[in-house]
Amino acid sequence: MPKLPLIANAVRWPLRLLAAALVLGVLCAGLAQAAPELAERAQIAQRIVAQMERKSAYFRILFEDHPHERANFIRELEQARRFGGRSSMLVASIEFGSRMGWTYFPYYYTQTSDAAVIGFARMNRDILSVLRAGSYEDCYDYMAGSPNDRARIFRKLTRIERRRMGVAMTQIVVQSRRNGRKGKRRGKPDANAYRRPLNAVLARLAERLGRENLVQWKPGLKAKDQEKACAFAVAFFEETLRQPKRDSALVLRAVFGE
């Protein structure tokens, strides 16, 4: 059985990769809905952002909490429009979405409700399972690919899958905001509370996959290791979600939180 600190530290940061992929997906969807003629209208960046905020509580909360990022995004979109029109604006959005997911989403995740944490895990389990059934390369690119890789995977998802992705992300930030308003902001959890349920998950993974196949996802893996990382990711979500709900939330927060 791998030592707990080694496994926990190795997989603690991938939420940032998943968040970058998912924010990118939600952002691209909002961008497409908001501006069919991205390069043709004056002040299009301000209109895009305003419409995204009207349509999505996710963006409204994100930009309310980080107004400087709203201004940055508008400025980046306008610069991209002047530089190269629609295609350049999409590239700017991809880079912005990845950075927003990497930088801010883990905080909302640690402060949100257990139900939102578990819903996020179920969504990832299901989408990763679908992608892996088609191609382990797609599964791996969803988790740890470049922004352009993630954009490609997002385009392959069905409308229902994209909507579910957006709903799961939105619930994370909405429930975090509600907890704050109700004075339920979470302090640091008991440092050892997650150990028992995480050990149970890791033991099941070792039995199910074999210790030699416990390859955590990270950028730069090749061929067989990509395939092993996808199997590990799907199995990790499956085994964690088989735990009692409170234990599932403890494990997910410990492994993927800030």
Pairwise label distance in nanometres, Lys224 with Ala57, each label 7 Å out on the Cα-Cβ vector: 4.8
Nitroxide proxy distance, nm - points 7 Å out along Cα→Cβ at Glu212 and Ala115: 4.6
Report the FRET efficiency, 1/(1 + (r/R0)^6), for Ala193 and Arg82, where r is their Cβ-Cβ distance and R0 is 51 Å, rounded to 0.05. 0.45
Viscosity 0.890 mPa s, temperature 25 °C: give me the Stokes-Einstein translational D for the stretch 106-258 in µm²/s, with Rh taken as the Kirkwood radius over C-alpha pairs. 151
Return the sequence-ordered ³J(HN,Hα) values of the stretch 192-206 in whole Hz as given by the Karplus equation 6.51 cos²θ - 1.76 cosθ + 1.60 applied to θ = phi - 60°, using x for Gly and Pro. 10, 4, 7, 5, 4, x, 5, 4, 5, 5, 5, 5, 5, 5, 5
Applied in sequence order to the stretch 165-173, the curve 6.51 cos²θ - 1.76 cosθ + 1.60 (Karplus, θ = phi - 60°) yields integer Hz couplings, x standing for Gly and Pro, of 4, x, 5, 5, 5, 5, 4, 4, 6
Taking alpha-carbon centroids only, the stretch 49-75 lies from the stretch 102-140 a number of Å equal to 22
Taking only the Cα atoms of the stretch 61-154, how large is their convex hull per residue, in Å³? 102
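All of the numbers you see were taken from the coordinates with simple rules; none came from a lab. Worth saying up front: this structure is predicted, and the values here are computed from it rather than measured. Every residue, glycine as well, gets a Cβ built from its backbone with ideal geometry; the counts of neighbours run over all protein chains shown.
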